[in-house]
Amino acid sequence: MKKEDLPQDPSALVGVTRDLCYVKDANGKYTTDLSIGWDVKKQALDNAWNDINERINEAALQVKYGKMSPVFYFMEKKLMDLTLLSGYTGFWKLTIKRHFKPSVFKSLSDTKLTAYAKAFDISAEELKNFNG
Amino acid sequence: MDKLILPYKHLQTAHCENGVGAGLLRHHGLNFMTEPLMFGLGSGIFYIHIPILMVNGGPAISYRSMPGWIFSRASKLLDVKVNRRKFSSEKEATDYLNKQIGLGNPVGCQVGVYNLPYFPPEYRFHFNAHNLVVYGKENGNYLISDPVMETATTLTEEELLKVRFAKGPLAPKGQVYYPENVKPVSKEQIQKAIYKSIHRSAFDMLNIPGAICGVDGIKYTAKQIRNWREKLGPRKAGLYLGQIVRMQEEIGTGGGGFRFLYAAFLEQASNYINNEELLKISDEFTKAGDLWRASAVNMGRIYKGRLNEQKDFEESANMLDEISEIERAAFKALRKIKA
């Protein structure tokens, strides 16, 4: 890639940092230059976020209709999966799956609720009271 | 320890591990060290497409070798010992870090990016193999040199602890590392390291058995792409292509899935070993990088929804096949480079 071809399309990086890229200068030697973004990858990232947000909205609906517990919603909201949530809480994956059931969730001890709240970086109240 | 600022020079690089490694070695007097040299000597260039495994709901593809390997391999070739420590206790991890800074050692830290406050929110995923340098403490905050940032930054004690103890795949477990007893490196040592590292990269890309690594891995991805539209439907297939582009072009790659970075390494290496052939091979990697970028543009048209026919997927796949052949020839040429 030639230096003059390095894209400068505004992206989420603006105001935070710029992306260092390896480009060829006028003499055909490698040098570095900074880019504020490239539409092609911005669109890929935007699409990924649209997909994530759809999943989060879907999870909220499932909580609202009593199909899933808030644990499931916040797992999606914090971009986690069972492996990650298990890592943060120390609970087995199967245990967490059980806690996805609203009926089981209602009877969770304060200790367990606090462990989830800590993993999600929210208060136990917020976790308990989320209703979609 | 209220105020302690070590004379570490912030170094912005494309890739975090190169940046921390090169920055630390330069701090210890190895001023010849550059990001391309670190990447090349560490045999960072790679390709792997792991079947079945999913990352963020998409294919698991990497354009570089395992996290941690670049710095380890490069240091070993230069006869530099790297001290690495992981911890089970947060307190121990904090004490150890403070102690090293107190001893005048800037240290590399492995961290998760999900809770890195200075990263743009759109970039914060649960990715745990990010690297930064801690080089001091001031007003209760740690002084941080994060290679992807333009300038140095800071983290509170709590923030640093949180990212050092991120959980999940590749959990950092508070890992810190720093080079020890760094001795001057001679030109002969660098030359020897160059030969060894390019042969290792050639081996990694050409000779690892199985069809998912190296130049064969690129073809494997091409084959998958041809099936995605039928198998997953246009929307999901588009998301998968987006994931490829993100892994390939996202911040930290230097563009073109690290291929430009490797071309820059070969250019620098040709000076060290006085070998014009390496310049020609460098041009081949530039060509490969340009084609990777062109394939990203093509995939972009698909996931932007402008094109979404089977023939558009075929076209992307064909480009990957072409890249695979260019890289195969280039690595075969590298294999033949002899002292």
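Taken over segment B:1-22, the criterion of being in contact with a Phe, Trp or Tyr (Cβ under 7 Å, 6 or more places away or on another chain) and small (Gly, Ala, Ser) is satisfied by B:14, B:21. Of the set (1) out of contact with any Asp or Glu (no Cβ under 8 Å at 6 or more places or on another chain); (2) closer than 21 Å to residue B:82 by Cβ; (3) surrounded by 16 or more Cβ atoms within 10 Å (Cβ to Cβ); (4) not aromatic (Phe, Trp, Tyr), all apply to residue B:174 but (1). When segment B:1-13 is filtered for residues that are at pLDDT 95 or above and either within 14 Å of chain A (Cβ to nearest Cβ) or touching an Asp or Glu at 6+ places or on another chain (Cβ under 6 Å) (or both), the ones remaining, listed by number, are B:10, B:11, B:12, B:13.
With respect to (1) within 9 Å of chain A (Cβ to nearest Cβ); (2) touching a Lys or Arg at 6+ places or on another chain (Cβ under 9 Å); (3) under 21 Å from residue A:2 (Cβ atoms), the lone exception for residue B:285 is condition (1). Somewhere in segment B:127-137, is a residue closer than 30 Å to residue A:35 by Cα, modelled with pLDDT of 95 or more and of a type in the set (D, E, K, R)? Within segment B:127-137 (the criterion being closer than 30 Å to residue A:35 by Cα, modelled with pLDDT of 95 or more and of a type in the set (D, E, K, R)), the answer is no, since none of the residues qualifies.
For residues that are of a type in the set (A, V, I, L, M, F, W, C) and touching a residue at least 40 places away in the same chain (Cβ under 8 Å), scanning just segment B:95-123, find the one that is nearest to residue B:170 (Cα to Cα). Top of the filtered list is B:111.
The rows are residues; the columns are (1) among the charged types (D, E, K, R); (2) assigned to a strand (DSSP E or B); (3) within 14 Å of chain A (Cβ to nearest Cβ); (4) farther than 26 Å from residue A:78 by Cβ.
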| site | (1), (2), (3), (4) |
| --- | --- |
| B:132 | no, yes, yes, no |
| B:159 | yes, no, yes, no |
| B:167 | yes, no, yes, no |
| B:177 | no, yes, no, yes |
| B:182 | no, no, no, yes |
| B:188 | yes, no, no, yes |
| B:192 | yes, no, no, yes |
| B:205 | no, no, no, yes |
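Restricting the search to segment B:250-282, which residues are surrounded by fewer than 24 Cβ atoms within 10 Å (Cβ to Cβ) and among the charged types (D, E, K, R)? Passing the criteria: B:250, B:267, B:276, B:277, B:280. Scanning segment B:223-255 for residues that are at the interface with chain A (Cβ under 7 Å from one of its Cβ atoms) and on the phi > 0 side of the Ramachandran plot returns B:254, B:255. When residues in segment A:2-31 are screened for being in a strand (DSSP E or B), facing chain B (nearest Cβ under 8 Å) and not charged (D, E, K, R), 5 of them pass.
Checked against (1) closer than 25 Å to residue B:239 by Cβ; (2) touching a Gly at 6+ places or on another chain (Cβ under 6 Å), residue A:64 passes all but a single condition, namely (1).
Selection within segment B:195-213: residues that are in contact with a Phe, Trp or Tyr (Cβ under 6 Å, 6 or more places away or on another chain) and not acidic (Asp, Glu). The member of this set that is surrounded by the fewest Cβ atoms within 10 Å (Cβ to Cβ) is B:211.
Tell me, yes or no, whether segment B:131-139 has at least one residue that is surrounded by fewer than 15 Cβ atoms within 10 Å (Cβ to Cβ), charged (D, E, K, R), more than 27 Å from residue B:28 (Cβ to Cβ) and touching a Leu at 6+ places or on another chain (Cβ under 8 Å). So far as segment B:131-139 goes, no, none of its residues is surrounded by fewer than 15 Cβ atoms within 10 Å (Cβ to Cβ), charged (D, E, K, R), more than 27 Å from residue B:28 (Cβ to Cβ) and touching a Leu at 6+ places or on another chain (Cβ under 8 Å). Candidates in segment A:42-69 are the residues that are more than 12 Å from chain B (Cβ to nearest Cβ) and either in contact with a Pro (Cβ under 9 Å, 6 or more places away or on another chain) or of a type in the set (S, T, N, Q) (or both); of these, the one that is nearest to residue B:120 (Cα to Cα) is A:57.
Consider segment A:41-69. How many of its residues are β-branched (Val, Ile, Thr) and in contact (Cβ under 8 Å) with a residue 24 or more places away in the chain? Explain how you work it out, then say what you get.
The first filter runs over segment A:41-69 and keeps only residues β-branched (Val, Ile, Thr), leaving A:52, A:56, A:63.
Pick out the ones that are also in contact (Cβ under 8 Å) with a residue 24 or more places away in the chain and you get A:52, A:63.
The number of residues fulfilling the criteria is 2.
The criterion of being under 24 Å from residue B:336 (Cα atoms), within 11 Å of chain A (Cβ to nearest Cβ) and touching a Gly at 6+ places or on another chain (Cβ under 7 Å) does not hold for residue B:269.
Taking the numbered list (1) in contact (Cβ under 8 Å) with a residue 12 or more places away in the chain; (2) closer than 15 Å to residue B:245 by Cβ in turn, residue A:20 passes all entries but (2). Entry remark, segment B:10-31: residues being touching a residue at least 40 places away in the same chain (Cβ under 8 Å) and assigned to a loop (DSSP other than H, G, I, E, B) number 9 in total.
Just so you know, in segment B:116-128 the residues that are in a loop (DSSP other than H, G, I, E, B) and surrounded by fewer than 18 Cβ atoms within 10 Å (Cβ to Cβ) include one that is farthest from the other protein chains (Cβ to nearest Cβ), and it is B:117.
The values are calculated or read from the model by the stated rules, or taken from the named source; none is laboratory data. Keep in mind that what you see is a predicted model, and the values were worked out from it rather than measured. No Cβ is skipped: glycine too gets one built from the backbone with ideal geometry, and neighbour counts run over all protein chains shown.
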